[in-house]
Every structure is written in C-alpha cells, then in structure tokens.
Amino acid sequence: MKISKILMFFIGVLIAGSATIYTSCVKDPCSGVSCLNGGSCDNGTCVCPLGYNGTRCEYINVTTITFNNNAPTAINLNVNGTTIGIPAGASASYTGEYGNTITASASTAGATGEVINWAATYYTFPATGIDVVPLDVNSNYFYLIINNSSFNTIYTLKVNYGTLAETDESVSVGNGSYGMGYYNAYSSLQIQTIDPVHITTETFYPTGNNNQTLTFSL
C-alpha cells in the first residue's frame, strides 16, 4: 500500500513537471513583433490606431476632404493658394495624409448684388474616410432670378425697395430668365423693375433657409 502511494506521488510529480516544461516551450506570438505609431500586438498581429495602417502600422492613412457647392451659383474655391471653380451643385475633393491640414477660402457672386465670401479656414484630413464641407449661402441672403415674359427690356432694378437697404442697379434684362445676384434677405421685402412701359413692384417673403432663391416674374 505504501509503495503504491509513493508510486502515485512520483507519477504526479512527473506529470506536473512535464506540463511545466511544455508550457515554458510555447512561444509568445508577439515576441519580436514591433508595432509602430502606437499600434499594439494581438496574437502576433499589429492592431493599428485610427489613422494608420500596414503590417506594422507603418503607414499613415490617406483620406479626403470634399467641398460641396450648395449655392445657386458657381463658387471660386482657393485651397493653399490655388483657385478652382466649382459649378453650382458640384463638388471638389482633396486628398492628404491624416493630420495634415489645408487652408481654404471661397467666394461667389452673380451679375449684380453682393459678393458672398467664406473666410479662410484650416481643415484637417480625417483619420479615415471623407470629411464633407458644405458651402452654403446663409439665410441672410437670397439669390434673385428674373423671368421677363415681356418684350420690353428692364433697365432699372430696385431690391429692398423703399427701405434704407435699397439697392438700385442699372441692368439690361430682355425677354427670358436671368440669374441676377445676391441681396440681403429681410422677413418682408419689395423688388421693383422699370422698363420703357411698366414699373412693376412685388412683395416677397424669404423662406429663411440657406441657399434660397426668389423669382421675380413679369
């Protein structure tokens, strides 16, 4: 009986020792794996932080900034000193490494009225994907369209007629539809046109939305 207990003891010791030896022989899969830019090793593979990629997180992501022209007129966009035109409803995209910046400003105008400006602003390329920058004309302005169904040429345009903010323009608007320009939008305003035969005045109530247009028809 004693021999049997002693034998069992030695067998137990032998099994435990074998397990210890086996465990010590298992290689750490992350041994010798070096992850860059703040990456961490998981079971032999580098897990990269946002903004980086590659086997060792050695590459910086290249991402996109897109400018959307939501205005009713073409916009001149200046990025890092270079100007391009973006047609109404179109967009322009720029690519760069995560964390890098660009400086962008913009302007738009019609044939008459005000020039709308977007001040120079820094934009940073995102860690992933696309950042969209909407170029909106704010609700303080509206874009005027004239539909002239007569065959008399309009030679005077008065916007915000009868107020201190009245703008008088010398124009030449014949038969057809014409985009004119941007003007201050008030909750209620009058527009007057003068041609050789008629003086026409109409009251408008702007919507208060960005990129709003008003159409004067006669």
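Things worth noting here:
- DSSP-defined antiparallel bridges as percent of all bridges, the chain, nearest 5: 80 percent
- Rounded to the nearest 10 degrees, the inclination of helix 2-25 to the longest alpha-carbon principal axis of the chain is 30 degrees.
- Rounded to the nearest Hz, the phi-derived 3J(HN,Hα) couplings of the stretch 127-134 under the Karplus curve 6.51 cos²θ - 1.76 cosθ + 1.60 (θ = phi - 60°) are 5, 9, x, 10, 9, 9, 10, x, where x marks glycine and proline.
- GNM top mover of Asn43, Asn117, Asn147 - the chain, alpha-carbon springs below 10 Å: Asn43
- Rounded, prolate or oblate (a/c below 1.5 giving rounded, otherwise prolate when a/b exceeds b/c) for the stretch 141-217 by Cα gyration tensor: prolate
- Value of relative contact order over the stretch 141-217, rounded to a whole percent, pairs C-alpha under 8 Å and six or more apart: 41 percent
- Each 5 Å bin from 0 upward holds the following percent of the Cα-Cα pairs of the chain: 1, 6, 10, 11, 9, 8, 7, 6, 5, 5, 4, 4, 3, 3, 3, 2, 2, 2, 2, 2, 1, 1, 1, 1, 0, 0, 0.
- For the chain, relative contact order (Cα pairs under 8 Å, six or more residues apart, normalised by length) works out to 16 percent.
- Karplus-based coupling profile of the stretch 36-51, in residue order and whole Hz: 9, 6, x, x, 10, 8, 10, 6, x, 10, 6, 9, 8, x, 4, x, with θ = phi - 60° in 6.51 cos²θ - 1.76 cosθ + 1.60 and x standing for Gly or Pro.
- Here's the picture: charge each Lys and Arg Cβ at +1 and each Asp and Glu Cβ at -1 in the chain, and of Ser91, Asn117, Ile145 the one pushed furthest to the positive end of that dipole is Ser91.
- Near the amide H of Gly113, within less than 5 Å, lie no amide hydrogens of residues on another chain or at least 5 residues away, with H placed in the peptide plane.
- Between Thr213 and Asn152, the contour length at 0.36 nm per residue exceeds the Cα-Cα span by 19.6 nm.
- Under a 5 Å amide H cut-off, with hydrogens placed 1.01 Å from N, Leu214 pairs with Tyr143, Leu144, Ile145 among residues at least 5 apart or on other chains.
Any read-out appearing in this document is the output of simple, stated calculations on the displayed coordinates, not a laboratory observation. On a predicted model such as this, the values are computed, not experimentally measured, just so you know. No Cβ is skipped: glycine too gets one built from the backbone with ideal geometry, and neighbour counts run over all protein chains shown.
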